[in-house]
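Enquirer: Next up is a structure, given as structure tokens.
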Amino acid sequence: MRAGFGQLRHPPEFRVPRPLLGPAQADLAAAVLAEVESAEALARQARTPQGAGTGALLGAAVGIWRALRKLDQGTGALSAADLRQVRRQVHASRQALADDGLEIQEHDGLPFDSGQSLEVLVFEDKPELDREVVLETVRPSVYFRGERIQMGQVIVGRPAPDQHPGM
């Protein structure tokens, strides 16, 4: 009844008569509408970071990050040409993920502030430092389309406390 009154708001030439459906047709239409609503809900969920296959993306991101770190730290048994090829492939994979909105952020060498959204695994005293600095990224921070899906884990170096005997 409400739909019928809603049509009265429009001029007669724009009014759409309510279709006359039999009980079987009405049930079929209701089932189709329910499926459409379900598909729309799945599509909305897929557009969010939580529903976009973040587990697979996260695994790929961290795996690529670790492979790059290994490759950058030493050559091992691979030839220089093999290393260049592997490095190019990994960089291309990482770029493809980045183009889809996945950002892998490492923190090595960056100044550390206790207000940062990082999990500190260890604080190490380093007398040569004059401020707190991230010494090593154990696990990178990962963002998908601007939202963090993984908090980074770091080891932080800090200036050694002054050792004054007698105080």
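Enquirer: For the stretch 153-159, take each phi angle, set θ = phi - 60°, evaluate the Karplus expression 6.51 cos²θ - 1.76 cosθ + 1.60, and give the result in whole Hz per residue in order, putting x for glycine and proline.
Expert: Coupling constants for the stretch 153-159: 10, 9, 10, 10, x, 9, x Hz.
Enquirer: Based on the Cβ-Cβ distance from R84 to R131, what FRET efficiency comes out when R0 is 35 Å, to the nearest 0.05?
Expert: 0.40
Enquirer: Quick one: 3J(HN,Hα) in Hz for the stretch 119-124, Karplus 6.51/-1.76/1.60 with θ = phi - 60°, rounded, Gly and Pro as x.
Expert: Along the stretch 119-124, the couplings run 9, 8, 7, 8, 9, 10 Hz.
Enquirer: Extension gain D100-M151, at 0.36 nm per residue separation less the Cα-Cα distance, in nm?
Expert: Contour length minus Cα-Cα distance gives 16.4 nm.
Enquirer: Give me the distance in nm between label points sitting 7 Å out from Cα along the Cα-to-Cβ direction at R15 and S114, one decimal.
Expert: 7.2 nm
Enquirer: I need the phi-derived Karplus couplings for the stretch 85-101: 6.51 cos²θ - 1.76 cosθ + 1.60, θ = phi - 60°, integer Hz, Gly and Pro marked x.
Expert: 5, 4, 4, 4, 5, 5, 4, 5, 5, 5, 5, 4, 5, 5, 5, 8, x
Read-outs: derived from the displayed coordinates by stated rules, not from any lab. Computed from a predicted model, the values in this text were never measured in an experiment. Note that each Cβ is placed from the backbone with ideal geometry, even for glycine, and that neighbours are counted across all protein chains shown.
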